[in-house]
Amino acid sequence: MIRSIETIHESYINKSHTVTKVVTEVLDTITSKDGEIHAYTEVFREQALEQAQIIDTKLSQGGSIGILEGIPISVKDAILIEGYKATASSRMLENYTATYDATVITKLKNAGAIIVGKTNLDEFAMGASTENSAFGATHNPADISRVPGGSSGGSSASVAADMALISIGSDTGGSIRQPAALTGTVGLKPTYGRVSRFGLIAMASSLDQIGPFAHNVIDAAHTLSIIEGQDSMDATSAQLEQSQLLDIEGIRRAEVKGLRIGIPKEYFIDGIDADVRKSLDEVIETYKQLGVEFVEVSLPHTEYAVPTYYIIMPAEVSTNLARFDGIRYGLSELQQSQDLQEVYKASRAKGFGNEPLRRIMLGTYVLSSGYYASYYGKAKQVQDMIRKDFTEVFKEVDAIITPTSPHTAFKIGEKVNDPVAMYLEDIFTVATNLAGIPGISVPTLSHNGLPIGFQLMTNHFQEQTLLTLANAIDKIRYE
Ligand code: GLN
(Lines give C-alpha, C1' and ligand atoms only; values in the text may rest on other atoms or scores of the structure.)
Protein backbone atom coordinates (compact mmCIF):
# COMPACT_ATOMS: atom_id res chain seq x y z
CA MET A 1 0.00 0.00 0.00
CA ILE A 2 1.37 3.44 -0.95
CA ARG A 3 1.48 5.61 2.16
CA SER A 4 1.84 9.09 0.73
CA ILE A 5 -0.88 11.16 -0.88
CA GLU A 6 1.68 12.91 -3.08
CA THR A 7 2.80 9.56 -4.50
CA ILE A 8 -0.80 8.46 -5.03
CA HIS A 9 -1.58 11.78 -6.69
CA GLU A 10 1.38 11.28 -9.02
CA SER A 11 0.21 7.76 -9.83
CA TYR A 12 -3.25 9.07 -10.77
CA ILE A 13 -1.71 11.65 -13.07
CA ASN A 14 0.73 9.31 -14.78
CA LYS A 15 -2.02 6.68 -14.93
CA SER A 16 -0.09 3.95 -13.15
CA HIS A 17 -3.06 3.65 -10.75
CA THR A 18 -6.73 4.40 -11.09
CA VAL A 19 -8.67 6.01 -8.26
CA THR A 20 -10.95 2.98 -8.29
CA LYS A 21 -8.01 0.68 -7.69
CA VAL A 22 -6.72 2.67 -4.70
CA VAL A 23 -10.18 3.11 -3.18
CA THR A 24 -10.96 -0.58 -3.68
CA GLU A 25 -7.72 -1.53 -1.98
CA VAL A 26 -8.58 0.63 1.03
CA LEU A 27 -12.14 -0.73 1.20
CA ASP A 28 -10.85 -4.31 0.95
CA THR A 29 -8.40 -3.63 3.78
CA ILE A 30 -11.33 -2.39 5.87
CA THR A 31 -13.22 -5.59 5.07
CA SER A 32 -10.32 -7.80 6.05
CA LYS A 33 -9.02 -5.91 9.10
CA ASP A 34 -11.81 -3.90 10.67
CA GLY A 35 -13.61 -6.85 12.23
CA GLU A 36 -10.65 -7.06 14.59
CA ILE A 37 -9.74 -3.38 14.90
CA HIS A 38 -13.17 -1.73 14.86
CA ALA A 39 -11.97 1.66 13.71
CA TYR A 40 -15.17 2.39 11.78
CA THR A 41 -18.70 3.06 12.93
CA GLU A 42 -19.90 3.13 9.32
CA VAL A 43 -18.32 2.49 5.91
CA PHE A 44 -19.53 4.19 2.71
CA ARG A 45 -18.44 1.53 0.23
CA GLU A 46 -20.77 2.20 -2.67
CA GLN A 47 -20.63 5.97 -2.48
CA ALA A 48 -16.82 5.86 -2.33
CA LEU A 49 -16.60 3.62 -5.40
CA GLU A 50 -19.07 5.78 -7.29
CA GLN A 51 -17.04 8.87 -6.56
CA ALA A 52 -13.83 7.09 -7.58
CA GLN A 53 -15.42 6.21 -10.90
CA ILE A 54 -16.34 9.84 -11.55
CA ILE A 55 -12.78 11.01 -10.91
CA ASP A 56 -11.39 8.21 -13.11
CA THR A 57 -13.64 9.34 -15.93
CA LYS A 58 -12.48 12.93 -15.48
CA LEU A 59 -8.85 11.77 -15.55
CA SER A 60 -9.39 9.65 -18.65
CA GLN A 61 -10.81 12.71 -20.39
CA GLY A 62 -7.62 14.60 -19.60
CA GLY A 63 -9.03 16.55 -16.64
CA SER A 64 -6.67 17.84 -13.95
CA ILE A 65 -7.05 16.96 -10.28
CA GLY A 66 -6.13 18.54 -6.95
CA ILE A 67 -3.85 16.97 -4.35
CA LEU A 68 -6.65 15.46 -2.23
CA GLU A 69 -8.80 14.45 -5.17
CA GLY A 70 -9.46 10.71 -5.13
CA ILE A 71 -7.67 10.25 -1.79
CA PRO A 72 -9.53 7.91 0.62
CA ILE A 73 -10.05 9.57 3.98
CA SER A 74 -11.99 8.78 7.15
CA VAL A 75 -13.81 11.20 9.46
CA LYS A 76 -14.32 11.04 13.22
CA ASP A 77 -17.97 10.38 13.94
CA ALA A 78 -18.30 13.68 15.82
CA ILE A 79 -18.15 15.68 12.58
CA LEU A 80 -21.33 16.16 10.56
CA ILE A 81 -21.77 14.88 7.01
CA GLU A 82 -25.15 15.76 5.55
CA GLY A 83 -27.42 12.76 5.18
CA TYR A 84 -25.25 10.43 7.27
CA LYS A 85 -25.39 9.42 10.88
CA ALA A 86 -23.31 11.41 13.35
CA THR A 87 -23.34 9.44 16.58
CA ALA A 88 -20.41 10.86 18.60
CA SER A 89 -20.25 7.15 19.60
CA SER A 90 -23.14 7.80 22.00
CA ARG A 91 -26.50 6.06 22.44
CA MET A 92 -27.87 9.60 22.62
CA LEU A 93 -27.19 10.14 18.90
CA GLU A 94 -27.35 6.54 17.72
CA ASN A 95 -30.15 7.34 15.28
CA TYR A 96 -29.31 10.97 14.56
CA THR A 97 -28.71 11.94 10.94
CA ALA A 98 -26.82 15.15 10.18
CA THR A 99 -28.78 17.77 8.28
CA TYR A 100 -25.78 19.73 7.01
CA ASP A 101 -22.07 19.41 6.29
CA ALA A 102 -19.44 20.63 8.71
CA THR A 103 -17.29 23.30 7.08
CA VAL A 104 -14.29 20.95 6.96
CA ILE A 105 -16.47 18.41 5.12
CA THR A 106 -17.58 21.02 2.57
CA LYS A 107 -13.94 21.87 1.98
CA LEU A 108 -12.88 18.23 1.69
CA LYS A 109 -15.74 17.48 -0.68
CA ASN A 110 -14.84 20.50 -2.81
CA ALA A 111 -11.27 19.21 -2.91
CA GLY A 112 -12.53 15.83 -4.18
CA ALA A 113 -11.41 13.76 -1.19
CA ILE A 114 -13.25 10.43 -0.95
CA ILE A 115 -14.77 9.86 2.47
CA VAL A 116 -14.76 6.09 3.02
CA GLY A 117 -16.43 6.12 6.43
CA LYS A 118 -16.92 7.47 9.94
CA THR A 119 -14.60 6.47 12.76
CA ASN A 120 -15.15 5.43 16.34
CA LEU A 121 -14.37 7.68 19.32
CA ASP A 122 -14.75 7.91 23.05
CA GLU A 123 -18.33 9.03 23.65
CA PHE A 124 -18.57 12.77 22.84
CA ALA A 125 -14.74 12.76 22.57
CA MET A 126 -14.33 12.13 26.31
CA GLY A 127 -11.48 9.75 26.95
CA ALA A 128 -7.99 8.73 25.99
CA SER A 129 -8.44 5.14 24.82
CA THR A 130 -11.61 4.88 22.65
CA GLU A 131 -12.95 2.39 25.20
CA ASN A 132 -15.69 4.86 26.19
CA SER A 133 -17.52 4.36 22.87
CA ALA A 134 -21.10 3.13 23.29
CA PHE A 135 -20.42 0.86 20.31
CA GLY A 136 -17.38 -1.02 21.61
CA ALA A 137 -13.66 -0.27 21.84
CA THR A 138 -11.23 0.27 18.96
CA HIS A 139 -8.06 -1.84 18.99
CA ASN A 140 -4.52 -0.73 18.20
CA PRO A 141 -3.35 -2.13 14.83
CA ALA A 142 0.20 -2.50 16.23
CA ASP A 143 -1.08 -4.88 18.94
CA ILE A 144 -4.77 -5.60 19.11
CA SER A 145 -4.71 -6.27 22.85
CA ARG A 146 -3.90 -2.57 23.30
CA VAL A 147 -5.76 0.73 22.94
CA PRO A 148 -5.23 3.06 19.94
CA GLY A 149 -5.39 6.14 22.22
CA GLY A 150 -8.34 8.49 22.26
CA SER A 151 -10.61 10.07 21.84
CA SER A 152 -9.94 9.94 18.07
CA GLY A 153 -8.78 6.29 18.31
CA GLY A 154 -10.88 5.16 15.35
CA SER A 155 -9.18 7.81 13.23
CA SER A 156 -5.65 6.92 14.33
CA ALA A 157 -6.30 3.19 13.89
CA SER A 158 -7.84 3.67 10.44
CA VAL A 159 -4.71 5.41 9.17
CA ALA A 160 -2.25 3.11 10.97
CA ALA A 161 -3.94 0.02 9.50
CA ASP A 162 -4.06 1.42 5.93
CA MET A 163 -7.84 1.66 6.09
CA ALA A 164 -7.57 5.37 5.06
CA LEU A 165 -4.73 7.62 3.94
CA ILE A 166 -5.87 10.58 6.04
CA SER A 167 -8.31 10.93 8.89
CA ILE A 168 -9.98 14.02 10.30
CA GLY A 169 -10.17 14.10 14.09
CA SER A 170 -10.70 16.62 16.86
CA ASP A 171 -8.50 17.55 19.80
CA THR A 172 -9.77 19.18 23.00
CA GLY A 173 -7.00 18.05 25.33
CA GLY A 174 -4.89 15.70 23.24
CA SER A 175 -7.34 13.61 21.23
CA ILE A 176 -5.41 13.88 17.97
CA ARG A 177 -1.84 13.85 19.28
CA GLN A 178 -2.04 11.07 21.89
CA PRO A 179 -3.75 8.53 19.57
CA ALA A 180 -1.25 9.46 16.85
CA ALA A 181 1.61 8.69 19.24
CA LEU A 182 0.12 5.38 20.31
CA THR A 183 -0.45 4.18 16.74
CA GLY A 184 2.64 5.52 14.97
CA THR A 185 0.85 8.14 12.87
CA VAL A 186 1.29 11.90 12.53
CA GLY A 187 -1.37 13.90 14.40
CA LEU A 188 -1.73 17.67 14.11
CA LYS A 189 -3.75 19.97 16.35
CA PRO A 190 -3.77 23.38 14.67
CA THR A 191 -3.90 26.75 16.45
CA TYR A 192 -7.33 27.41 17.98
CA GLY A 193 -9.30 29.23 15.30
CA ARG A 194 -7.24 28.06 12.32
CA VAL A 195 -9.85 25.46 11.31
CA SER A 196 -13.60 26.08 11.55
CA ARG A 197 -15.41 24.07 14.21
CA PHE A 198 -18.78 24.50 12.49
CA GLY A 199 -20.38 21.06 12.34
CA LEU A 200 -18.16 19.49 14.99
CA ILE A 201 -20.30 18.13 17.83
CA ALA A 202 -19.00 20.37 20.60
CA MET A 203 -17.22 19.05 23.65
CA ALA A 204 -15.52 22.12 25.15
CA SER A 205 -15.88 24.87 22.55
CA SER A 206 -13.04 27.08 23.76
CA LEU A 207 -10.58 24.18 23.47
CA ASP A 208 -11.90 22.03 20.58
CA GLN A 209 -9.98 22.06 17.34
CA ILE A 210 -10.23 19.89 14.20
CA GLY A 211 -7.07 18.49 12.62
CA PRO A 212 -5.63 15.69 10.48
CA PHE A 213 -4.00 12.30 11.04
CA ALA A 214 -1.64 11.15 8.29
CA HIS A 215 1.25 8.81 7.58
CA ASN A 216 3.64 11.70 7.22
CA VAL A 217 4.02 15.39 7.95
CA ILE A 218 3.68 16.57 4.34
CA ASP A 219 0.32 14.79 3.99
CA ALA A 220 -0.86 16.43 7.21
CA ALA A 221 0.28 19.79 5.83
CA HIS A 222 -1.63 19.28 2.56
CA THR A 223 -4.75 18.40 4.51
CA LEU A 224 -4.47 21.39 6.82
CA SER A 225 -4.05 23.74 3.89
CA ILE A 226 -7.36 22.44 2.47
CA ILE A 227 -9.40 22.58 5.71
CA GLU A 228 -8.07 25.80 7.29
CA GLY A 229 -9.40 29.33 7.00
CA GLN A 230 -11.93 31.77 8.33
CA ASP A 231 -15.57 30.74 8.25
CA SER A 232 -18.58 32.98 8.73
CA MET A 233 -20.28 30.06 10.53
CA ASP A 234 -17.66 29.99 13.32
CA ALA A 235 -17.07 33.34 15.02
CA THR A 236 -13.89 32.02 16.63
CA SER A 237 -12.30 31.09 13.31
CA ALA A 238 -9.43 33.35 12.36
CA GLN A 239 -8.56 35.26 9.25
CA LEU A 240 -5.10 34.04 8.29
CA GLU A 241 -2.53 36.59 7.25
CA GLN A 242 -0.49 35.91 4.15
CA SER A 243 2.56 35.06 6.27
CA GLN A 244 0.56 32.50 8.25
CA LEU A 245 -0.57 30.50 5.23
CA LEU A 246 1.21 27.19 4.67
CA ASP A 247 3.90 26.96 2.05
CA ILE A 248 4.38 23.25 1.49
CA GLU A 249 7.42 23.59 -0.75
CA GLY A 250 8.87 25.76 1.98
CA ILE A 251 8.25 23.06 4.59
CA ARG A 252 9.98 20.53 2.38
CA ARG A 253 12.96 22.67 1.49
CA ALA A 254 13.59 24.79 4.57
CA GLU A 255 16.74 24.37 6.58
CA VAL A 256 16.21 23.88 10.28
CA LYS A 257 19.76 24.95 11.03
CA GLY A 258 19.80 27.76 13.56
CA LEU A 259 16.25 27.21 14.81
CA ARG A 260 15.96 26.99 18.57
CA ILE A 261 13.93 24.38 20.43
CA GLY A 262 13.14 24.63 24.12
CA ILE A 263 13.13 21.62 26.42
CA PRO A 264 10.74 22.45 29.26
CA LYS A 265 12.17 21.03 32.44
CA GLU A 266 8.72 20.55 34.03
CA TYR A 267 7.81 17.93 31.42
CA PHE A 268 10.62 15.57 32.26
CA ILE A 269 8.92 14.01 35.23
CA ASP A 270 9.34 10.62 36.86
CA GLY A 271 7.12 8.07 35.27
CA ILE A 272 8.14 8.58 31.65
CA ASP A 273 8.89 5.15 30.14
CA ALA A 274 12.58 4.53 29.56
CA ASP A 275 11.80 3.77 25.91
CA VAL A 276 9.93 7.03 25.41
CA ARG A 277 12.76 8.96 27.02
CA LYS A 278 15.38 7.16 24.94
CA SER A 279 13.60 7.78 21.67
CA LEU A 280 13.17 11.48 22.50
CA ASP A 281 16.89 11.72 23.27
CA GLU A 282 17.60 10.24 19.84
CA VAL A 283 15.31 12.77 18.18
CA ILE A 284 17.09 15.61 19.98
CA GLU A 285 20.44 14.18 18.88
CA THR A 286 19.26 14.06 15.25
CA TYR A 287 18.06 17.65 15.42
CA LYS A 288 21.41 18.70 16.82
CA GLN A 289 23.13 17.07 13.86
CA LEU A 290 20.86 19.13 11.61
CA GLY A 291 22.05 22.27 13.37
CA VAL A 292 19.08 22.90 15.68
CA GLU A 293 19.97 24.54 18.97
CA PHE A 294 18.46 23.33 22.24
CA VAL A 295 17.89 25.34 25.39
CA GLU A 296 16.31 24.36 28.68
CA VAL A 297 13.20 26.44 29.32
CA SER A 298 10.66 26.64 32.11
CA LEU A 299 6.86 26.52 31.93
CA PRO A 300 6.31 27.01 35.66
CA HIS A 301 2.55 26.36 35.76
CA THR A 302 2.70 23.01 33.97
CA GLU A 303 1.62 21.02 37.02
CA TYR A 304 -1.69 22.91 37.04
CA ALA A 305 -2.54 22.15 33.41
CA VAL A 306 -4.41 18.87 34.00
CA PRO A 307 -6.39 20.13 37.04
CA THR A 308 -7.25 23.36 35.18
CA TYR A 309 -8.36 21.44 32.11
CA TYR A 310 -10.52 19.14 34.22
CA ILE A 311 -12.44 22.17 35.50
CA ILE A 312 -12.79 24.28 32.35
CA MET A 313 -13.53 21.33 30.05
CA PRO A 314 -16.36 19.78 32.19
CA ALA A 315 -17.86 23.26 32.71
CA GLU A 316 -18.17 23.65 28.95
CA VAL A 317 -19.26 20.03 28.54
CA SER A 318 -22.13 20.49 30.98
CA THR A 319 -23.26 23.56 29.04
CA ASN A 320 -22.83 22.06 25.56
CA LEU A 321 -24.51 18.78 26.43
CA ALA A 322 -27.54 20.53 27.91
CA ARG A 323 -28.95 20.60 24.36
CA PHE A 324 -29.50 16.83 24.55
CA ASP A 325 -32.79 17.09 26.38
CA GLY A 326 -34.84 14.35 24.74
CA ILE A 327 -36.75 16.93 22.71
CA ARG A 328 -34.45 18.71 20.30
CA TYR A 329 -31.96 16.00 19.33
CA GLY A 330 -31.41 12.32 19.48
CA LEU A 331 -32.71 9.78 21.95
CA SER A 332 -36.08 10.69 23.41
CA GLU A 333 -38.18 9.19 26.18
CA LEU A 334 -40.97 11.67 25.44
CA GLN A 335 -43.62 9.04 24.80
CA GLN A 336 -42.83 7.13 28.00
CA SER A 337 -42.76 10.18 30.30
CA GLN A 338 -45.44 11.90 32.37
CA ASP A 339 -44.00 15.42 32.45
CA LEU A 340 -41.16 17.55 31.11
CA GLN A 341 -38.76 16.87 33.99
CA GLU A 342 -39.18 13.19 33.42
CA VAL A 343 -38.45 13.54 29.67
CA TYR A 344 -35.15 15.24 30.51
CA LYS A 345 -34.17 12.81 33.21
CA ALA A 346 -35.13 9.62 31.43
CA SER A 347 -33.67 10.64 28.04
CA ARG A 348 -30.38 11.81 29.53
CA ALA A 349 -30.03 8.83 31.87
CA LYS A 350 -30.58 6.44 28.99
CA GLY A 351 -28.61 8.34 26.34
CA PHE A 352 -25.37 9.22 28.12
CA GLY A 353 -22.70 6.74 29.22
CA ASN A 354 -20.76 7.04 32.47
CA GLU A 355 -18.03 9.41 31.28
CA PRO A 356 -20.34 12.14 29.93
CA LEU A 357 -22.46 11.80 33.09
CA ARG A 358 -19.42 12.19 35.30
CA ARG A 359 -18.30 15.31 33.42
CA ILE A 360 -21.76 16.87 33.30
CA MET A 361 -22.00 16.51 37.09
CA LEU A 362 -18.50 17.86 37.64
CA GLY A 363 -19.13 20.77 35.25
CA THR A 364 -22.48 21.66 36.76
CA TYR A 365 -20.85 21.68 40.18
CA VAL A 366 -17.95 23.96 39.23
CA LEU A 367 -20.38 26.39 37.59
CA SER A 368 -22.87 26.42 40.46
CA SER A 369 -23.34 29.81 42.12
CA GLY A 370 -21.67 28.82 45.39
CA TYR A 371 -18.55 27.39 43.75
CA TYR A 372 -18.18 29.31 40.50
CA ALA A 373 -15.56 31.74 41.79
CA SER A 374 -13.45 29.19 43.61
CA TYR A 375 -13.39 26.61 40.80
CA TYR A 376 -14.28 27.92 37.34
CA GLY A 377 -13.14 31.49 38.01
CA LYS A 378 -9.88 30.29 39.52
CA ALA A 379 -9.26 27.85 36.68
CA LYS A 380 -9.68 30.63 34.11
CA GLN A 381 -7.05 32.67 35.99
CA VAL A 382 -4.64 29.75 36.01
CA GLN A 383 -5.32 29.20 32.29
CA ASP A 384 -4.10 32.74 31.75
CA MET A 385 -0.90 32.00 33.64
CA ILE A 386 -0.33 28.86 31.55
CA ARG A 387 -0.79 30.94 28.40
CA LYS A 388 1.68 33.53 29.63
CA ASP A 389 4.25 30.79 30.37
CA PHE A 390 4.19 29.93 26.67
CA THR A 391 4.28 33.56 25.54
CA GLU A 392 7.42 34.09 27.59
CA VAL A 393 9.15 30.95 26.34
CA PHE A 394 8.35 31.72 22.69
CA LYS A 395 10.28 34.97 23.05
CA GLU A 396 13.36 32.78 23.36
CA VAL A 397 12.70 29.72 21.20
CA ASP A 398 10.94 28.79 17.95
CA ALA A 399 9.41 25.59 19.29
CA ILE A 400 9.10 23.35 22.33
CA ILE A 401 9.70 19.61 22.37
CA THR A 402 8.20 17.03 24.76
CA PRO A 403 7.09 13.41 24.64
CA THR A 404 3.47 13.17 23.41
CA SER A 405 2.56 10.52 25.95
CA PRO A 406 4.57 9.25 28.92
CA HIS A 407 4.28 5.67 27.63
CA THR A 408 3.40 3.41 24.74
CA ALA A 409 -0.10 1.99 24.16
CA PHE A 410 -1.58 0.37 27.26
CA LYS A 411 -3.74 -2.74 27.42
CA ILE A 412 -7.46 -2.61 26.76
CA GLY A 413 -9.16 -2.65 30.16
CA GLU A 414 -6.06 -1.51 32.04
CA LYS A 415 -7.30 1.99 32.97
CA VAL A 416 -10.95 1.91 32.09
CA ASN A 417 -12.10 1.74 35.72
CA ASP A 418 -9.73 4.41 36.93
CA PRO A 419 -10.84 7.80 35.55
CA VAL A 420 -8.00 9.69 37.20
CA ALA A 421 -5.35 7.44 35.61
CA MET A 422 -7.11 8.03 32.29
CA TYR A 423 -7.12 11.82 32.88
CA LEU A 424 -3.37 11.72 33.47
CA GLU A 425 -2.96 10.43 29.92
CA ASP A 426 -3.31 14.08 28.90
CA ILE A 427 -0.43 15.32 31.00
CA PHE A 428 1.70 16.48 28.04
CA THR A 429 -1.07 17.54 25.69
CA VAL A 430 -3.68 19.66 27.52
CA ALA A 431 -1.56 22.78 28.04
CA THR A 432 -1.48 23.27 24.27
CA ASN A 433 -5.28 23.49 24.16
CA LEU A 434 -5.42 25.75 27.22
CA ALA A 435 -2.96 28.11 25.50
CA GLY A 436 -4.60 27.77 22.06
CA ILE A 437 -1.26 27.01 20.37
CA PRO A 438 -0.61 24.31 17.76
CA GLY A 439 0.94 20.93 18.53
CA ILE A 440 1.96 17.92 16.49
CA SER A 441 2.87 14.35 17.34
CA VAL A 442 5.45 12.75 15.06
CA PRO A 443 6.26 9.03 15.16
CA THR A 444 9.74 7.86 16.04
CA LEU A 445 11.22 4.43 15.84
CA SER A 446 10.20 2.46 18.87
CA HIS A 447 12.44 0.17 20.82
CA ASN A 448 9.95 -2.29 22.25
CA GLY A 449 8.03 -2.72 19.04
CA LEU A 450 5.22 -0.36 20.00
CA PRO A 451 4.87 3.08 18.40
CA ILE A 452 6.18 6.19 20.18
CA GLY A 453 5.63 9.82 19.26
CA PHE A 454 7.23 13.09 20.23
CA GLN A 455 5.42 16.41 20.42
CA LEU A 456 6.39 19.79 19.05
CA MET A 457 4.56 23.02 19.84
CA THR A 458 4.98 26.52 18.45
CA ASN A 459 3.42 29.90 19.06
CA HIS A 460 -0.04 30.78 17.68
CA PHE A 461 -0.32 30.39 13.88
CA GLN A 462 3.32 29.30 13.55
CA GLU A 463 2.34 26.04 11.83
CA GLN A 464 4.89 26.69 9.09
CA THR A 465 7.74 26.40 11.61
CA LEU A 466 6.00 23.54 13.43
CA LEU A 467 5.64 21.49 10.26
CA THR A 468 9.10 22.38 8.98
CA LEU A 469 10.69 21.09 12.17
CA ALA A 470 8.43 18.02 12.26
CA ASN A 471 9.18 17.22 8.63
CA ALA A 472 12.94 17.48 9.18
CA ILE A 473 12.79 14.39 11.41
CA ASP A 474 9.90 12.70 9.66
CA LYS A 475 11.56 12.62 6.26
CA ILE A 476 14.56 10.76 7.72
CA ARG A 477 12.24 7.77 8.24
CA TYR A 478 11.84 7.57 4.47
CA GLU A 479 15.45 8.03 3.47
N1 GLN B 1 -8.35 12.66 26.90
C2 GLN B 1 -8.87 13.97 27.06
C3 GLN B 1 -10.22 13.92 27.69
O4 GLN B 1 -10.66 12.87 28.00
C5 GLN B 1 -8.88 14.69 25.76
C6 GLN B 1 -10.09 14.46 24.96
C7 GLN B 1 -10.11 15.25 23.70
O8 GLN B 1 -9.11 15.88 23.32
N9 GLN B 1 -11.24 15.23 23.05
O10 GLN B 1 -10.84 14.92 27.92
According to the Kirkwood expression over distinct Cα-Cα pairs, how big is the hydrodynamic radius of the chain, in Å?
22.3
How many angstrom separate the Cα center of region 1-51 from the Cα center of region 184-253?
23
Per residue, the convex hull volume that the Cα atoms of region 152-280 enclose (Å³):
151
Once you keep just the Cα pairs under 8 angstrom separated by 6 or more residues, what percentage relative contact order results for region 73-146?
31
By average C-beta atoms within 10 angstrom, highest first, the peptides 112-122, 150-160
150-160, 112-122
For region 338-380, convex hull volume per residue from C-alpha positions, Å³:
76
As a check on your grasp of the helix formula, calculate [θ] at 222 nm for the chain: sum -39500 (n - 2.57) over DSSP H runs of n ≥ 4, divide by the residue count, round to the nearest 500.
-11500 deg cm²/dmol
So what's the projected area for region 294-357, the Cα convex hull averaged over all directions, in nm²?
6.5
All Cα pairs of region 259-398, percent lying beyond 27 Å
49
Starting from a Cα-only point model with no solvent, please compute log10 I(q)/I(0) by Debye for region 19-106 at q = 0.23, 0.26 1/Å.
-1.22, -1.30
Could you tell me, in Å, what Rg and Dmax come out for the Cα atoms of region 1-52?
12.2, 36
If region 270-310 were replaced by its equivalent ellipsoid, with semi-axes equal to the square roots of 5 times the Cα gyration tensor eigenvalues, what would those be, largest first, whole Å?
26, 16, 8
Could you run the Karplus curve 6.51 cos²θ - 1.76 cosθ + 1.60 with θ = phi - 60° over region 429-439 and give me ³J(HN,Hα) per residue in whole Hz, x for Gly and Pro?
10, 5, 4, 4, 5, 5, 8, x, 8, x, x
Note: region 20-179, point scatterers on Cα, Debye, no solvent; log10 I/I(0) at q = 0.18, 0.19 Å⁻¹ equals -1.02, -1.12
Selection of chymotrypsin sites (Phe, Trp or Tyr not before Pro), region 173-282, meeting DSSP coil and at most 10 other Cβ within 10 Å:
none
For the chain, averaging the sequence separation of alpha carbon pairs under 8 Å that lie six or more residues apart and dividing by its residue count, the contact order in percent is 17
About its Cα centre, the chain carries a charge dipole, from +1 on Lys and Arg Cβ atoms and -1 on Asp and Glu Cβ atoms, whose size in debye to the nearest 20 is 400
Express the relative contact order of region 77-205 as a whole percentage, based on alpha carbon pairs under 8 Å and six or more residues apart in sequence.
23
Sequence of Lys257, Lys109 from largest to smallest accessible area, 1.4 Å probe
Lys257, Lys109
Which value, in nm² and rounded to one decimal, describes the direction-averaged projected area of the C-alpha convex hull of region 64-144?
6.3
Hey, how many Å between the Cα centroid of region 154-178 and the Cα centroid of region 309-347?
28
Projected area averaged over orientations for region 104-191, convex hull of C-alpha atoms, nm²
5.6
Quick one: work out the % antiparallel among DSSP beta bridges in the chain, nearest 5.
65
Would you kindly calculate the translational diffusion coefficient of region 243-340, applying Stokes-Einstein with the Kirkwood radius from alpha carbon pairs, for 37 °C and a viscosity of 0.692 mPa s, and quote it in µm² s⁻¹ without decimals?
173
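The values are calculated or read from the model by the stated rules, or taken from the named source; none is laboratory data. Remember, predicted model here, so these are calculated numbers, not experimental data. All Cβ positions, glycine included, derive from the backbone under ideal geometry; neighbour counts span all protein chains shown. In case anyone asks, the SASA skips ligands and DNA or RNA and just uses the protein heavy atoms, side chains included. Shrake-Rupley method; radii C 1.70, N 1.55, O 1.52, S 1.80 Å.
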